[in-house]
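The structure under discussion appears below in the form of structure tokens.
The values are calculated or read from the model by the stated rules, or taken from the named source; none is laboratory data. Bear in mind that the values here come from a model prediction, so they are computed numbers and not experimental data. Cβ atoms come from the backbone with ideal geometry, glycine included; neighbour counts cover every protein chain shown.
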Amino acid sequence: MSGSVKEAPGQAESLFLELHKKFIKDTPPSGGLRPLAEAALKRFETLGFPHRKHEMYTFVGTQDLVAQPFTLSGGDPTPDGDFLRSQILPGCEKSVVVLVDGRYRADLSDTSALAGDLAIVHLAEALADSDLQKYFKQVVDEENDVFAALNAAFLTEGVQLALKQKAAPEAPLQILCVSSGSAAGPVLNQPRVLIQVGPLAEVKLITSFCGERPNYFVNATMDILVEEGGQVACSQVQRDALDAWNFCKTRISLASDSRCFSVGAYYGSRLVRHHCDARLKAPGAEFALNAVSVLGGQEQAHQFVRIHHEAPHTTSHQLFKNIVDGKGRTSVDGTVIVCAGAQLTHSDQLINNLMLSDEARVDNKPNLMIFADDVKCTHGATVGQVDPDQMFYLKTRGLSEKTAKELLTKSFAESVIDTVRFPALAAELKRSLLKKLEA
């Protein structure tokens, strides 16, 4: 199926609605996806495309994005074998789920290392479960991000990854989202992944975004549902083509005594935005989010984070480190909400930015919304340049100015990379992400 949309001023919503009519006619969603797509379209109409005064897009300009003549991806393109192998991390050769242009490809995936622990089901089939139907209906009805609403409105398929109770596979699971791109014009693809972690189960999860060719917009949505006592250590790596757009919304739901430790690494591109919505729903839940971005040229990477402490005795930690050179742009808009009754909440947030040029731009918006009176919450943000005293010290030890600067900037980013719980991924980030600082 293919179709395109190009925005005229004030007409983006209506053109997407026309595109959706063609989408429904040519490739109607099957099973339980159809009512989900219809409800999401209504939600999209209510939300409309954001403007600069929109709370979620204060620092993110979407005018260029919605003006593109996007084509909905069609067919089943197969990535080059060498390219695909180069994107699979060491140790994940037998534990990788591959999505190409948002579609799950069983022929390219291999989860033999997780046999007996992991069930993979197409989302249309998974929605036969009444509890999942209820969950997704609530998600769509309450959706506050227009691009996540679009993901659901144009959904033809998705995938459910379910880890059984008490499972603890040794191998990390890599979800590899490949965008094929197109020489004919920008292609829109919309991965949808549901991850369910059973009671007392543990999983190591890596989500990787990459593009075989330029000219694409990946608009992804991931739901991570962690049941009682479950534990997830996850990393998200964005490494797209320079002219690509990458939007991803991650919803995380944590039951009692469950934990999620997340690390994000962002190489930047034309426009990258990650929206994280975490809900600590029962006592003992814990969530940690660390992220690092290294940007140059005109690359952008933005974070929009909302953490909801909905129960007492819950804990969250956030640490962001951004290095911005050239005309790069980054922002962190992070709010911690402590709901009424969520006593004995502990939360901290720290945003550190390192600017390497006068034309770089950094925006920070840390925020606390507290509706309980027995909590411990802190937040802070810094913006600075390379410390001249540290530079002077290293130069007096015989290092050149270039080498000293590289050493200081790399050590700034490594403090986040060192929290990655996958040695192969940490080594790759130090090799490739930090290499950008040598330019």
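Please go through the range 67-115 and give me each residue that is within 20 Å of the chain's Cα centre (by Cα) and outside any loop (DSSP other than H, G, I, E, B), ordered by number.
Scanning the range 67-115 gives Gln87, Val96, Val97, Val98, Leu99, Val100, Arg103, Tyr104.
Which count do you get for residues in the range 228-251 that are farther than 30 Å from Gly296 by Cα and touching a Leu at 6+ places or on another chain (Cβ under 8 Å)?
Adding up the residues that qualify gives 4.
Every residue in the range 309-319 that is surrounded by 23 or more Cβ atoms within 10 Å (Cβ to Cβ) and either farther than 24 Å from Leu271 by Cβ or in the same structural domain as Val263 (by TED's automatic domain parsing) (or both), please.
His309, Thr314, Ser316
Out of the residues in the range 11-42 that are touching a Phe, Trp or Tyr at 6+ places or on another chain (Cβ under 8 Å) and modelled with pLDDT of 85 or more, which is farthest from Phe147 (Cα to Cα)?
Leu36
Take the range 411-437 and flag every residue that is in contact with a Lys or Arg (Cβ under 9 Å, 6 or more places away or on another chain) and either surrounded by fewer than 12 Cβ atoms within 10 Å (Cβ to Cβ) or modelled with pLDDT under 90 (or both).
Leu437
Tell me the strands (runs of 3 or more DSSP E) entirely within the range 226-275 that contain at least 3 residues that are in contact with a Gly (Cβ under 9 Å, 6 or more places away or on another chain), modelled with pLDDT of 95 or more and under 20 Å from Leu429 (Cα atoms).
So the answer is 231-239.
Among the residues in the range 197-220, are any charged (D, E, K, R), within 24 Å of Thr156 (Cβ to Cβ) and surrounded by fewer than 22 Cβ atoms within 10 Å (Cβ to Cβ)?
The answer is yes; a qualifying residue exists.
Does any residue of the range 385-401 turn out to be surrounded by 14 or more Cβ atoms within 10 Å (Cβ to Cβ), out of contact with any Gly (no Cβ under 7 Å at 6 or more places or on another chain) and more than 25 Å from Asp358 (Cα to Cα)?
Checking the range 385-401: not a single residue is surrounded by 14 or more Cβ atoms within 10 Å (Cβ to Cβ), out of contact with any Gly (no Cβ under 7 Å at 6 or more places or on another chain) and more than 25 Å from Asp358 (Cα to Cα).
Hey, does the range 204-223 have a residue that's over 17 Å from the mean Cα position of the chain (by Cα), modelled with pLDDT of 95 or more and under 23 Å from Asp257 (Cα atoms)? Full working, then the answer.
Here is the first cut: in the range 204-223, the residues over 17 Å from the mean Cα position of the chain (by Cα) are 212-215.
Then drop every residue that is not modelled with pLDDT of 95 or more, which leaves none.
There is no residue in the range 204-223 that is over 17 Å from the mean Cα position of the chain (by Cα), modelled with pLDDT of 95 or more and under 23 Å from Asp257 (Cα atoms).
Do we have any residue at all in the range 291-301 that's buried (at least 24 other Cβ atoms within 10 Å of the Cβ), at pLDDT 95 or above and out of contact with any Gly (no Cβ under 9 Å at 6 or more places or on another chain)?
No: zero hits.
Hey, can you tell me all the residues within the range 335-394 that are more than 27 Å from Leu295 (Cβ to Cβ) and part of a loop (DSSP other than H, G, I, E, B)?
Hits for the range 335-394 are Cys339, Ala340, Gly341, Ala342, Gln343, Leu344, Thr345, Phe371, Ala372, Asp373, Asp374, Val375.
Limited to the range 148-206, what total is found for residues that are of a type in the set (S, T, N, Q), farther than 14 Å from Ile120 by Cβ and out of contact with any Cys (no Cβ under 9 Å at 6 or more places or on another chain)?
Pass one, the range 148-206, residues of a type in the set (S, T, N, Q): 151, 156, 160, 165, 174, 179-180, 182, 189-190, 196.
If we keep only those that are farther than 14 Å from Ile120 by Cβ as well, we get 151, 156, 165, 179-180, 182, 189-190.
Then keep just the ones that are out of contact with any Cys (no Cβ under 9 Å at 6 or more places or on another chain); that gives 151, 156, 165, 180, 182, 190.
Final tally of qualifying residues: 6.
Can you name the condition, by its number, that Ser331 falls short on among (1) touching a Phe, Trp or Tyr at 6+ places or on another chain (Cβ under 6 Å); (2) within 20 Å of Ile252 (Cβ to Cβ)?
Every listed condition holds for Ser331 apart from (2).
Is it fair to say Asn219 is polar (S, T, N, Q) and touching a helix residue (DSSP H, G or I) at 6+ places or on another chain (Cβ under 6 Å)?
So Asn219 passes the test.
Check the range 107-117 and report whether any residue there is under 18 Å from Val237 (Cβ atoms), modelled with pLDDT of 95 or more and charged (D, E, K, R).
Scanning the range 107-117 turns up no residue that is under 18 Å from Val237 (Cβ atoms), modelled with pLDDT of 95 or more and charged (D, E, K, R).
Which residue is surrounded by the most Cβ atoms within 10 Å (Cβ to Cβ), if the candidates are limited to the range 152-183 and must be under 16 Å from the mean Cα position of the chain (by Cα) and farther than 19 Å from Leu225 by Cα?
Per the criteria, the residue is Ser179.
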